[in-house]
Amino acid sequence: MASSGESSETSESFLRKRRGDPLVLDNTAHDSCSDTKRDEHSSKYEKKVGVLVQRGSFWLTRIVLLRSIAFIYLVAFTVAYNQNKQLIGEKGLMPCKDYLRSVKRYVGGKIDLSALSYTPSILWFMDWSDMDANLDLIALAGMALSGLVLFLGSANMVIMGTLWILYHSIVNVGQLWYSFGWESQLLETGFLGIFLCPLWSLSQMPRRCPTSIISVWTFRWLIVRIMLGAGLIKIRGDRCWTDLTCMDYHYETQPVPNPMSYYMHRSPWWFHRFETLSNHFIELIVPFFTFMGRRMCMINGALQILFQVVLIISGNLSFLNWLTIVPSLACFDDSALAFLFRRSGNVRQTLLKIQTEEAEGLKTPPTKGMLIRRVLNVSLGVLIAYLSIPVLMNLLSSRQMMNTSFEPLRIVNTYGAFGSITKERTEVVFQGTLSLNHTAEDVVWEEYEFICKPGALDRRPCLISPYHYRLDWLMWFAAFQTYEQSEWVIHIAGRLLANDSTILSLMAHNPFQDREKPRWIRGEHFRYKFTRPGSNSAAQGKWWARKRIGPYFPPVNLDGLRNYFQSRNWPLPTGD
């Protein structure tokens, strides 16, 4: 008969199996045969780490979240480095130096707490004599730090906090060019990322700083708010979302279509109805799965990621959809994400060691630093809960606002997308001529091409996501406004008259390159539609068909724009 000690040992082993605990956690004496079997068993587990990884821990989740946030930061800072000088630099369309000066005057002429709270940015403390260099320095520093985190799969609070401050410094002086919801969403996501990390350590799995469940839930709360905000703004906004016809128009009229948009637009009517119903289900029902236990929470995460992948495939929506995947990853624990680390030997071994110690009750007693960290995590939870109050009130309001911040640091924000759908696509096309008389019968107008927005009928829609051309995106808005509402369009026209290289670097084709400057520039307004696959136009290689609506702005020259530019304190372009 077995002794009571043996019976107890057997029972403990059995209970560990039932709990899913790894057999290698046993450190009691065994005969040589048992040791051999155990070694073989351990070897099998080494090859299939998913069997060993326990539920409810988030060591691997943290690595995935940090790398994902770093990737989005890297894209965002790269966009900033390539486009900031043209948009908000010394010779940009809306120089940030002028903006900072206007803020300084507004708050009393001093760079103090009032200025910082109105426009949080480290640019206040930098040398304004070369703002282009400042913008480049911020962007390059952001690219370097985010690239480091992406490579290492780890970070500390100092690095993540620095990234957050650097991007804040750009967004808050970016004016119109940084006025979109994904900027606030990246800032909120980046802020939450700070609290995933230890203060100093760059270890992927810092033993004394396990991933806080509070931190994990702040990400989950973010994805819930993002999706509910997007879903509610739709059913409260455009009637086409309730009569299920919005997807009949969306692919053709979205800001920057991609090649797949062309084909998805021609899907059967019943498929568009299915898409709209699925959208409502994903945005209005699925987020509540987050609060229904581990399995339902993972289903929510999987569906949200799948939904964002579909959106990435069907259009160029900047890094918005890639960014929205990030908080969805917090729906998965180590057990669910272990398959991503099959080839990461060091991570696997460290995780197994941590699990072994926890299962055997060998956890390190909490140090003073660990206790402080717990207080910090609780404080984070309280802060997010407090700042969520106006956001929740906004979600419940019949006058819901989307993509709004209620405090200058944009820690907790409201979100939403496509609350209304445009039913027709219109485009502004810049045209120039060398003719002295723009009314002459023989005048020849030549067209400029933007990098990504529709222009030439035979040019294939671009595929750029998660990269983003900010000017192309703003031109979509300008097309259903007037040039009086979008004065920067006339600013562009003046720059084109001077063959200004700063603005031309944001365009794909300058018909007057290596020629004399155009004498007149005009803006023409067109209605664009996708050609039908198989039609004569499509057979000729045309993706678009267009019909002229009329002039967007009349022909202008530099002399005629002189007073217009002076009244707005814009320097009159002279060319390079």
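The requirement of being closer than 24 Å to Leu116 by Cβ and among the charged types (D, E, K, R) is satisfied by Arg410. Scanning region 239-268 for residues that are more than 22 Å from Leu463 (Cα to Cα) and either within 26 Å of the chain's Cα centre (by Cα) or not β-branched (Val, Ile, Thr) (or both) turns up Arg239, Cys240, Trp241, Asp243, Leu244, Cys246, Pro268.
Counting only strands (runs of 3 or more DSSP E) that fall entirely inside region 482-576 and contain at least 1 residues that are open to solvent by less than 30 Å² (accessible area, probe 1.4 Å) and closer than 25 Å to His250 by Cβ, the qualifying elements are 520-530, 544-556.
On inspection, His250 does not qualify as open to solvent by 10 Å² or more (accessible area, probe 1.4 Å), touching a strand residue (DSSP E or B) at 6+ places or on another chain (Cβ under 7 Å) and touching a residue at least 40 places away in the same chain (Cβ under 8 Å). Would you be able to say whether some residue in region 283-290 is touching a residue at least 24 places away in the same chain (Cβ under 8 Å) and within 26 Å of Tyr467 (Cβ to Cβ)? For region 283-290, residues touching a residue at least 24 places away in the same chain (Cβ under 8 Å) and within 26 Å of Tyr467 (Cβ to Cβ): present. In this structure, is Val375 among the hydrophobic types (A, V, I, L, M, F, W, C) and either open to solvent by less than 60 Å² (accessible area, probe 1.4 Å) or more than 29 Å from Gln204 (Cα to Cα) (or both)? No. If I filter region 229-247 down to residues being free of Cβ contacts under 8 Å to residues at least 40 places away in the same chain and charged (D, E, K, R), which single residue comes out as most open to solvent (accessible area, probe 1.4 Å)? It comes out as Arg239.
Yes or no: Phe271 closer than 28 Å to Cys462 by Cα and either of a type outside the set (Val, Ile, Thr) or open to solvent by 20 Å² or more (accessible area, probe 1.4 Å) (or both)? Yes, satisfied.
Looking at (1) assigned to a loop (DSSP other than H, G, I, E, B); (2) over 23 Å from Tyr263 (Cα atoms); (3) among the small types (Gly, Ala, Ser), which is the one condition that is false for Gly432? Condition (1) is where Gly432 drops out.
The values are calculated or read from the model by the stated rules, or taken from the named source; none is laboratory data. Fair warning: this is a prediction, and the values are worked out from it, not measured in the lab. Note: ideal-geometry Cβ built from the backbone for every residue, glycine included; neighbour counts use all protein chains shown. Note: accessible area is taken over every heavy atom of the protein model, side chains too, but ligands, DNA and RNA are not part of it. Shrake-Rupley method; radii C 1.70, N 1.55, O 1.52, S 1.80 Å.
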